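Here's the structure, in structure tokens; my notes come after.
The values are calculated or read from the model by the stated rules, or taken from the named source; none is laboratory data. Source: prediction; values computed, not measured. Here the Cβ positions follow ideal geometry from the backbone for every residue, glycine too, while neighbour counts run over all protein chains shown. Accessible surface areas use protein heavy atoms only, side chains included; no ligands, DNA or RNA. Shrake-Rupley method; radii C 1.70, N 1.55, O 1.52, S 1.80 Å.
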Amino acid sequence: MTHGLEGEVTLGTLVFDSDDLEETEDFLCRAYARMRIGSGTPDASRARIRRQTLASISVDELDLDFDMSYSVSPLGKICLCVVHDGTIEDHVFPGVEDAFGPGDVVSFAPPDLPYSGRIRAARYNITMLDPALLSQVAATVDQRTPQPVRLTGHR
């Protein structure tokens, strides 16, 4: 991880690579929110995660070579996902049940809601940001009455 001087933006990189499911669950809990994971693929459980952070935004590249179920507590952040390979199935949060595949771009869930689902040997990116960041950016638009930005759906 690198640190900036006063007035500079702090940039960080974190890399995780493991084939131990308990170690992966512990890492995911520390990196995201409290969660439980399980594997439906007995012979494989390799997880590779690379996180780049810049101020209040992080971009994670995840590559899971196994099927993983997840149940996640609210993140408190907007969590945008882009699927490159594999699928995310049975993704559920209150009022939504969906599945995602290569090329899909989705918001996993509103920042204050838990969610669950199953990842099937997928490679995907997750961009996480503080919900207030969207309102800060929108407030810079000329002749606009400042209002909170609302996401109107998960797709």
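For the chain, what % of the accessible area comes from carbon and sulfur atoms, probe 1.4 Å?
Heavy-atom surface of the chain belonging to carbon and sulfur, 1.4 Å probe: 51 percent.
Using a cut-off of under 15 Å, list every residue of region 19-47 whose amide N is near the label point 7 Å from the Cα of ASP90 along the Cα-to-beta-carbon line.
36-42
Quick one: length gained pulling ARG30 to VAL137 fully straight, 0.36 nm per residue minus the C-alpha distance?
Residue separation times 0.36 nm, minus the Cα-Cα distance, leaves 35.7 nm.
Which value results for Rg/Rh of region 21-93 when Rg is the Cα radius of gyration and Rh the Kirkwood radius based on the inverse mean 1/r? Let's see the in-between values first.
On the way: Rg = 12.5 Å, Rh = 13.4 Å.
Across region 21-93, the Cα-based Rg/Rh ratio is 0.93.
Compute the helix-to-body angle for 21-31: its Cα long axis versus the longest principal axis of the chain, expressed 0 to 90° and rounded to tens.
Relative to the chain, helix 21-31 is tipped by roughly 10 degrees.
So what is Rg over Rh here for the chain, counting just Cα atoms and using Kirkwood for Rh?
The Rg/Rh ratio comes out at 1.00.
What distance in nm separates the two pseudo spin-label positions at GLU22 and SER56, each 7 Å out from Cα along the beta-carbon direction?
Spacing of the two 7 Å Cα→Cβ label points: 3.8 nm.
Can you work out the accessible area per residue across region 7-76, with the rest of the protein chains kept in place, probe 1.4 Å, in square angstrom? Before the final figure, lay out each step's value.
Details: 3860 Å² over 70 residues.
That works out to 55 Å² for each residue.
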